[in-house]
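Below is one structure; the comments refer to it alone.
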């Protein structure tokens, strides 16, 4: 079982690296949801075309867009 070292480093077991296709030098992302840590290998181009279905409103400024998001949070 991996242990967290003094510098908050963890060694990922080789079988788990192999299952995820993680090699030395790869970039990973980690996030916490409901107290669980999830590790995801970053893959170049993985998000390509992810937002193509959206129709941007080019008449709206960045500031107006941000204001709309901030109002939705309240």
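Read the figures in this text as sums done on the coordinates, not as results from a lab. Quantities reported herein were computed from a predicted structural model and do not represent experimental measurements. Note: ideal-geometry Cβ built from the backbone for every residue, glycine included; neighbour counts use all protein chains shown.
Centre-to-centre separation between the Cα atoms of the range 51-69 and those of the range 1-42: 35 Å. The alpha-carbon atoms of the chain define a convex hull whose volume equals 204 cubic angstrom per residue. Semi-axes of the equivalent ellipsoid of the range 1-43 are 17, 15, 11 Å, computed as sqrt(5λ) over the eigenvalues of the C-alpha gyration tensor in descending order. Remark: 1, 30 ranked as 1, 30, counting other beta-carbon atoms within 10 Å and listing the fewest first. When only Cα pairs below 8 angstrom with a gap of at least 6 residues are kept, the chain shows a relative contact order of 15 percent.
Between helix 62-73 and the chain there is an angle of about 70 degrees, using the helix long axis and the longest principal axis of the Cα atoms.
Using the count of nearby Cβ atoms within 10 Å as a rough guide to exposure, how do 59, 65 rank from fewest to most?
Details: 59 6, 65 12.
Starting with the residue having the fewest Cβ neighbours, the order is 59, 65.
Each label point was placed 7 Å from the Cα along the Cα-to-Cβ direction; for residue 41 and residue 20 their separation is 1.0 nm.
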